[in-house]
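Note sheet for the following structure.
The values are calculated or read from the model by the stated rules, or taken from the named source; none is laboratory data. No experiment lies behind these values; they were computed from the predicted model shown. FYI the Cβ positions are ideal-geometry reconstructions off the backbone, even for glycines, and counts take in every protein chain you see. Please note that ligands, DNA and RNA were not included when accessible areas were found on the heavy atoms of the full protein model with its side chains. Shrake-Rupley method; radii C 1.70, N 1.55, O 1.52, S 1.80 Å.
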Amino acid sequence: MLFSRCRSIFVKSTLISRRLGIASVENKVTDTDKRMFEMNNTGTLPVLLALAVILLTSILFVILKFCRNSKRVPAQTVPEDVVLLHHCGQGPHAPSLSPFILKLETFLRVTQTPYQIIRDYKMGPKGKVPWIEYSGTNMCDSQLCMEYLKIKLNLDLDDHLSVKEKAISTAFQRMVDEHTYWVMVHWRWDFDREKICFKQANWGSLALTVSAYLQRRAAWTQGVGRHNKEELLEIVRKDFSALSDFLGTKHFFFGDRPSCVDCSVFGQLSQFLWHLPGSEPNAMLKKEFLNLYEFCHRMKDHFWPDWNDNILLPTNS
Amino acid sequence: MGIVLIIVIRKRQKKRIKKAYPSNTIIHHQIGRGPYAPSITPFAVKLETYLRMAKVPYLNENDSVTNRSSKGKLTWIEYNGQEVADSEFCIQFINKTFNIDLDKNFSDEEIGAGRAIQRMVDEHLHWTVALQRWVYDPKHGIDVRKFLNIPWPMFYMVGNLVKKQSYAQGVGRHSEEEVLQVMDEDLMALSKFLGMKKFMLGEQASQTDCAVFGMLSQIHWHSFGGTGETLYKKYPNLSAYCERMKAKFWPDWNECITEGWTRTASK
C-alpha cells in the first residue's frame, strides 16, 4: 500500500512537472500509469475491484454447490435391500451428536431393517444430514426417510396405534423435532461455553466458532433463540412436562410396544442427557422427570446393546 | 449505507412513545385488523381468543408494525408498564398474574397431549401456512397484494424473508409437494385428535384451542380457494370447529374485520 501511494505521488508530480514544462524530471510515466491515475481519481478502480471480488466469490459458490450436489456413488457395492445411512460420526457419549441421526438409526434398529453406515460427512440433497440411499433413491430428512421406508418396506411400527393415538404421535414428533430441538441447539451453541463434548469429538476451534455463529443465527431466525436463559428453562420444562405427563408409567409412549415417536423423543432427549452434562435441562431430566430419564435408558438397553461400541468414550454405565 | 439505514430504523423503533394506559389492564399490541379474520397473524388471533376465553380486561393497540417488542415479535403485551413478548409467554404471564388455569379440569395426559398439539401448530403448521401464503400460492389462494393492501416490493421482501426463515428452520428445504404433504399430515392429526369432540380436549375449551383456532383461522378465512384451503376442506370437522370457536368467543366478529380492506374495523 505504501508502494502504491508512493507511485501515485510520483505519477502526479511527473504529470504536473510536465505541464509546468520542467524538463529536469525524467519522464518515466507510461500510458498504463496515466490510465491507472485517471481510474484512481474517478473511483472506477475500486468499483472494478469490488466487481472482481463478487465475481470470484460467485464462481467459488457455484463450484462448491456443484460439488455438494454431484452424484454420490456408494463407497462399495451393497445388496439392494440394505439401507445406506449417511452419518456424521460418533459422539463422545451417545452414537451421534445429531438427534436426527440417532432417531433414524434407532428406527432402523427397532424395525430390524438391514442398514450400513457411510461416515462420509456429506450433506444430503437438502443440505441436511442424516440422509439415506435405498434402491437407487436418495432421501433426506429423518421423518421423510422413516415415512418412505415404512411404505417401501411395509414396516408396521405404528400399526397398533388407534386413529387418535396416531394424531397424538404426530403432535409429539412435531413438538420434539421442531421445538425442543431448537432449545437444545441454542443451549449447546450459546449457553454451553465449554463445548466439551464437541472437543471430545475432535472438533477444531475454527469449526466450533463458525458453527456456533451459524447455529445461533438459525435459532434466532426460528424464534427460540430470542429468549433468555430463564425463559428457555421455562420452555424446556414445559416440553419435558408434556412428555413426562403423557408417558406416565408406560414403558413406551403408547404402551409396551415402541412406535415411531419413541425414536424421535429418544433422539432429542439423548442430547440433553448425554451431550449437555452439568446443564440445567440435564439436571431436570435426572431429578424432576425421572420417567423420561428411565425411558432413555430403556431405549438404550433395548435397542443399543452395543452402545459402548458406537461411542467415542465408552463407560461402564 | 444499508447498515446505517438499518441502525437508524432500529433506533427509531426502540424509541417508544410512552402512552398512558389504564392500570391492571392488558394492552395487546398487534398489527391491526385483518380482512376476514381479526388478524392476518395467527398469534394475535390466538392471544386475543385467550384473553376473551379467560375474561381478562384488555385493550387492543394496533401499533406493533412500528412498535415491536424487544424480541422483534409482532404480538406482545404490556401490563402496568411491564412488557412480555411471544404469545406463549404472554399466556403464562396472564395465567400467573390473574391466577387463571383454563386446563384445570383435564388430566395430566390430556394436558400433555394438548401441549404437543400447541407446539405442532405454532412451530410446524405455522411454517407451512406462511410458505403457502407468501411463496407458493399468492396468486391462486389469497391475493396477498390486494387483500392485505401490501405494495408489491414489500410483498417480495416478505416472501424472501419467509423463504430464508423457513429454510433455517428446516421446513423450507422441502419441495412444494413435500410441504403440502406435511401440512396435510398436521391437519389430519388435528382432525383425528378432535374427532367428534366440541373442543380439542373435550366438551370444554382449553388453552390448546386458542393456538389451534389462531392457526386454523388463517386457512379458514384467509385462503380464498388456495391449495391450503383445498387440503383443509378434506377435514370438515375442523371447519365446524372454527365456526364454533368464532360463535362462542367472537360474537362481535364482524366488527373486528375490515371486509377485505373496504372499511375500518370498529373494534
Counting Lys +1, Arg +1, Asp -1, Glu -1, what net charge surrounds residue A:216 among other residues with beta carbon under 14 Å of its beta carbon?
+4
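Ignoring ligands, DNA and RNA, how much accessible area is buried between chains B and A, both sides summed, with a 1.4 Å probe, to the nearest 100 Å²?
The contact between A and B buries close to 3100 Å².
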Charge dipole (debye, nearest 20) of chain B; +1 at Cβ of Lys and Arg, -1 at Cβ of Asp and Glu:
1180
Can you give the mean number of other chain Cβ atoms that lie within 10 Å of the Cβ atoms in peptide B:188-194?
5
Any chance you could look up the accessible area of residue A:297 with a 1.4 Å probe, heavy atoms only, rounded to 10 Å²?
50
Given a 1.4 Å probe and the protein chains all in place, what does the accessible area of residue B:239 round to, in Å² to the nearest 10?
30
Quick one: putting +1 on the C-beta of Lys and Arg, -1 on the C-beta of Asp and Glu, what dipole do you get for region A:163-310 around its Cα centre, in Debye to the nearest 20?
280
Cut-off 13 Å between beta-carbons: net charge of the residues surrounding residue B:22, Lys and Arg +1, Asp and Glu -1:
-1
Among the listed pairs B:19/B:267; A:164/B:46; B:71/B:198; B:71/B:233, give every one whose C-alpha distance is greater than 31 Å.
B:71/B:198; B:71/B:233
Amide hydrogen neighbours beyond the local backbone of residue B:60, cut-off 5 Å, H modeled:
B:28
Through the Karplus equation 6.51 cos²θ - 1.76 cosθ + 1.60, θ set to phi - 60°, convert the phi angles of region B:74-86 into ³J(HN,Hα) values in whole Hz; use x for Gly and Pro.
8, 10, 7, 10, 10, 9, 6, x, 9, 9, 9, 10, 6
Here region B:254-265 yields Karplus 3J(HN,Hα) values (6.51, -1.76, 1.60; θ = phi - 60°; whole Hz; Gly and Pro given as x) of 5, 7, 10, 10, 9, 6, x, 6, 8, 8, 8, 5
Roughly speaking, to the nearest percent, how much of chain B's 1.4 Å accessible area is carbon and sulfur?
56
Distance in nm between label sites at residue A:310 and residue A:196, each 7 Å beyond Cα in the beta-carbon direction?
2.4
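Please sort by residue number the GluC sites (Glu not before Pro) in region A:230-297 whose DSSP state is loop and whose Cβ has at most 14 other Cβ atoms within 10 Å.
Of the GluC sites (Glu not before Pro), the ones in loops of region A:230-297 whose Cβ has at most 14 other Cβ atoms within 10 Å are A:288.
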Residue A:234 to residue A:55: extension gain in nm, 0.36 nm per residue of separation minus the Cα-Cα distance?
59.7 nm
Measuring from centroid to centroid over Cα atoms, what is the spacing of region B:191-267 and region B:154-184 in Å?
23
To make sure I understand the rule: partners must be aspartates and glutamates, Cα under 19 Å from the Cα of residue A:199, and not fewer than 8 residues away in the same chain. Which ones qualify?
A:190
In whole Hz, what ³J(HN,Hα) sequence does region A:187-192 give by Karplus (6.51, -1.76, 1.60; θ = phi - 60°), x for Gly and Pro?
5, 6, 9, 10, 7, 7
Could you tell me how far the Cα centroid of region A:176-205 sits from the Cα centroid of region A:228-259, in Å?
20
How high is the relative contact order of region A:163-310, in percent, counting Cα pairs under 8 Å that sit 6 or more residues apart?
28
With the contact rule set at Cα under 8 Å and sequence spacing of 6 or more, what percent relative contact order holds for chain B?
25
Can you tally the net charge around residue A:186? Count Lys and Arg as +1, Asp and Glu as -1, for every other residue whose Cβ sits under 12 Å from the Cβ of residue A:186.
+2
Rounded, prolate or oblate: which fits region A:233-317, taking a ≥ b ≥ c as square roots of the Cα gyration tensor eigenvalues, rounded meaning a/c under 1.5, else prolate when a/b beats b/c?
oblate
For region A:213-317, which trypsin sites (Lys or Arg not before Pro) are in a loop by DSSP, counting at most 15 other Cβ atoms within 10 Å?
A:250
Considering the dipole of chain B built from charges on the beta carbon (Lys and Arg +1, Asp and Glu -1) around the Cα centre, which of B:58, B:42, B:107 is farthest to its positive end?
B:58
